[in-house]
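A short worksheet on the structure shown next.
The values are calculated or read from the model by the stated rules, or taken from the named source; none is laboratory data. Because the structure is a prediction, the values reported are computed rather than measured. Glycine gets a Cβ as well: all are built from the backbone with ideal geometry, and neighbour counts include every protein chain shown. Side chains are part of the model used for accessible areas, which takes the heavy atoms of the whole protein and leaves out ligands, DNA and RNA. Shrake-Rupley method; radii C 1.70, N 1.55, O 1.52, S 1.80 Å.
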Amino acid sequence: MPVNKIGFVHIRVTDMDEAVEHYSNTLGQEIVSREGGKVYLKAWDEFDHHSVVLEEGGVGLVKIGYKVDTVDELATYEKRAQSFGCTTTRVSNGENLAVGDGVAITLPSGQRVELYTEIEYLGTQTGTLNPDPWPRDMRGAGVHRLDHALISADDPAMVERFFGEVLGFRISERLITDPGNPVLIGTWMFCGQKAHDIAVVKGPDNKLHHFAYWLEDWSQILHAGDVFAMDDVSVDVGPTRHGITRGKTIYFFDPSGNRNEVFTGGYITGSDFPTITWTADQLAKGIIYISREVNERFTTVFT
Ligand code: M3P
Ligand code: FE
């Protein structure tokens, strides 16, 4: 059994006030707590305590959290990670605000992943009894929830093997050099039925390319783009479509330079989903389907 879902992304920001303005007012996440110099936010469609943690001082990824269904599975993942050759440490209840006991794993590419089974349940404003489709006081882009993260690795094939063998992820799409001599450039992997919950591309170790939020449809992507113009957000790419995952997207930067994405569409996967392959000669179309052009910033800026 794979892990349940991506639970949180914890990042560094250079200026907390600017970051809070971006994540809370522009993207529309709710501030759940400010504690120990960190700000915790959740999106309106999420019931767990938080999905984003901001920490002042620098830029880039601190860690990614994945929620696991049972304590037994947690122990299994820990053992498998150790057999894989990864360093693991136990995380105690409360070390992460509102999160229970867990296991921290350093990926072969250096990023820190934390697994946990318990996180405080806050619920949503719309609730679970005769709910409205969205909350009245939705702000900005009104992002629904955290959707996926894309990290970079000097050896993406090794990290793909880790997510598959240790955490039970399956592969939806792979980008390879050419079928005759296949070297992995990128991999898109899922743990449930989404197009992807994690992706790994060739690049520097221990870096983040972006993390993405789910929106309902293409019109909400356009609406988010309008909000980005109103709020002077630095847009990287889009609105456009991905060839890989078939998602619809805008990439943009938070005020510290962490890349975010708003994402919708794509297909349903599941345990019988056959892996799709893209070849490097079609790379630009795979990443940005419509223009078939990838700007230099997109392939060189990692945080
Ligand atoms: C996505 C996605 C890169 C491709 C990114 C694709 C960085 O973000 O959601 O499918 O090469
Ligand atoms: Fe993405």
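Taking region 179-191 as the range and being open to solvent by 10 Å² or more (accessible area, probe 1.4 Å) and within 16 Å of ligand 2 (Cβ to nearest atom) as the test, the residues that pass are I185, W188, C191. None of I171, I221 is more than 26 Å from F84 (Cα to Cα) and either assigned to a loop (DSSP other than H, G, I, E, B) or away from ligand 1 (no atom under 11 Å from the Cβ) (or both) except I221. For S109, the conditions (1) part of a loop (DSSP other than H, G, I, E, B); (2) within 16 Å of ligand 1 (Cβ to nearest atom); (3) over 18 Å from the mean Cα position of the chain (by Cα) are fulfilled apart from (3). Scanning region 192-207 for residues that are within 19 Å of D154 (Cα to Cα) and more than 11 Å from ligand 1 (Cβ to nearest atom), which turns out surrounded by the fewest Cβ atoms within 10 Å (Cβ to Cβ)? Ranking the qualifying residues of region 192-207, first place goes to P204. Scanning region 23-54 for residues that are under 23 Å from A229 (Cβ atoms) and surrounded by fewer than 17 Cβ atoms within 10 Å (Cβ to Cβ) yields one hit, N25.
Taken over region 230-266, the criterion of being open to solvent by 30 Å² or more (accessible area, probe 1.4 Å) and at negative phi is satisfied by M230, D231, S234, V235, P239, R241, K248, P255. Residues in region 15-41 that are out of contact with any Gly (no Cβ under 7 Å at 6 or more places or on another chain) and either part of a strand (DSSP E or B) or hydroxyl-bearing (S, T, Y) (or both): Y23, S24, E30, I31, V32, S33, R34, E35, K38, V39, Y40, L41.
When L74 is tested against (1) assigned to a loop (DSSP other than H, G, I, E, B); (2) without any contact (Cβ under 8 Å) to a residue 60 or more places away in the chain, exactly one condition is not met: (1). Among the residues of region 289-303, those that are among the hydrophobic types (A, V, I, L, M, F, W, C), part of a loop (DSSP other than H, G, I, E, B) and within 13 Å of ligand 1 (Cβ to nearest atom) comprise V294, V301, F302. In a residue-by-residue description of region 97-120, the property of being open to solvent by 90 Å² or more (accessible area, probe 1.4 Å), hydroxyl-bearing (S, T, Y) and either at pLDDT 95 or above or not assigned by TED's automatic domain parsing to the domain that holds F263 (or both) applies to no position. When G142 is tested against (1) surrounded by fewer than 20 Cβ atoms within 10 Å (Cβ to Cβ); (2) touching a Phe, Trp or Tyr at 6+ places or on another chain (Cβ under 9 Å), only condition (1) is not met. For region 243-282, a tally of residues being outside any loop (DSSP other than H, G, I, E, B) and either within 12 Å of ligand 1 (Cβ to nearest atom) or under 18 Å from E21 (Cα atoms) (or both) returns 20.
The residues listed here are R174, R170, R161, R241; of these, the one that is of a type in the set (D, E, K, R) and within 15 Å of ligand 2 (Cβ to nearest atom) is R241. Apart from one condition, E95 fits all of (1) within 24 Å of F190 (Cβ to Cβ); (2) in a loop (DSSP other than H, G, I, E, B); (3) without any contact (Cβ under 8 Å) to a residue 60 or more places away in the chain; the exception is (1). Of all the numbered requirements in (1) closer than 17 Å to S109 by Cα; (2) open to solvent by less than 30 Å² (accessible area, probe 1.4 Å); (3) out of contact with any Pro (no Cβ under 8 Å at 6 or more places or on another chain); (4) not charged (D, E, K, R), S83 misses one, and that requirement is (2).
Only one of the listed residues (E296, E216) is at pLDDT below 95, more than 13 Å from ligand 2 (Cβ to nearest atom) and open to solvent by 50 Å² or more (accessible area, probe 1.4 Å). That residue is E296.
Selection over region 137-155 of residues that are modelled with pLDDT of 95 or more and more than 16 Å from ligand 2 (Cβ to nearest atom) gives a count of 6.
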